[in-house]
Amino acid sequence: MLKSFAMSFDGALLRRGFWLYVWRIKDGERSVVYVGRTGDSSSPHASSPFKRVGPHLDASLTAKGNALARQLKKEGLLPERCSFEMVAVGPVFPEQEDMDRHRPVRDKAAALERALADHLRRAGHEVLGNHPRLAQCDEVLCAQICRLVDEKLGAR
């Protein structure tokens, strides 16, 4: 049976840079969240959160960057049965020109990612994945990010 689906997004999600994002994934009554960021260790490039959507859910055997799909599988959640909502905040930091400049910014973004995941756990969300602590977190910036995410996700 044919069905129709809709997807809408703000074009600002196409901007490159260091973003933090939270996926809320629902399967029936179960709701989990996944916290991620753009700007990893493989290159000095920091992509848009929109660019992360496909790779995160790529189920092919040769998929790279499919951390969310792996976490869902580990939890017994089938992506095809789930509904997804992404909340993205950023760009928190601009994309850097080379790896020497990229690494310190990447580590700051990772610290914010960890702090956001901890915040969501304290708020009662089931948070998937691991979030290592790479650097000291900017508490003022973190509070702003947590407030923005809370506004979009609503109360738990």
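Take Arg147 and tell me if it is farther than 19 Å from Val53 by Cα, surrounded by 14 or more Cβ atoms within 10 Å (Cβ to Cβ) and out of contact with any Phe, Trp or Tyr (no Cβ under 6 Å at 6 or more places or on another chain). So Arg147 fails the test. Look at (1) part of a loop (DSSP other than H, G, I, E, B); (2) closer than 27 Å to Lys26 by Cβ; (3) open to solvent by less than 30 Å² (accessible area, probe 1.4 Å) and you find that Cys137 fails only one, number (2). Looking at this structure, is Ala143 among the hydrophobic types (A, V, I, L, M, F, W, C), assigned to a helix (DSSP H, G or I), modelled with pLDDT of 95 or more and under 14 Å from Val22 (Cβ atoms)? The answer is no for Ala143.
Does segment 80-97 contain any residue that is open to solvent by 50 Å² or more (accessible area, probe 1.4 Å), touching a residue at least 24 places away in the same chain (Cβ under 8 Å), in contact with a Pro (Cβ under 9 Å, 6 or more places away or on another chain) and assigned to a loop (DSSP other than H, G, I, E, B)? Among the residues of segment 80-97, at least one is open to solvent by 50 Å² or more (accessible area, probe 1.4 Å), touching a residue at least 24 places away in the same chain (Cβ under 8 Å), in contact with a Pro (Cβ under 9 Å, 6 or more places away or on another chain) and assigned to a loop (DSSP other than H, G, I, E, B), which makes the answer yes.
Across segment 10-29, the number of residues qualifying as charged (D, E, K, R) and touching a residue at least 60 places away in the same chain (Cβ under 8 Å) comes to 3.
You will find that of Lys3, Lys51, Lys73, Lys26, the residue that is more than 16 Å from the chain's Cα centre (by Cα) and not in a loop (DSSP other than H, G, I, E, B) is Lys73 and no other. If you go through segment 40-55 and pick out every residue that is under 20 Å from Leu128 (Cβ atoms) and open to solvent by less than 10 Å² (accessible area, probe 1.4 Å), you end up with 1. As a summary of the residue check, Val33 satisfies the conditions (1) modelled with pLDDT under 85; (2) crowded, with 19+ Cβ neighbours inside 10 Å except for the one numbered (1).
The values are calculated or read from the model by the stated rules, or taken from the named source; none is laboratory data. These figures come from a predicted structure and were not determined experimentally. Note that each Cβ is placed from the backbone with ideal geometry, even for glycine, and that neighbours are counted across all protein chains shown. Note: areas computed on protein heavy atoms with side chains; ligands, DNA, RNA excluded. Shrake-Rupley method; radii C 1.70, N 1.55, O 1.52, S 1.80 Å.
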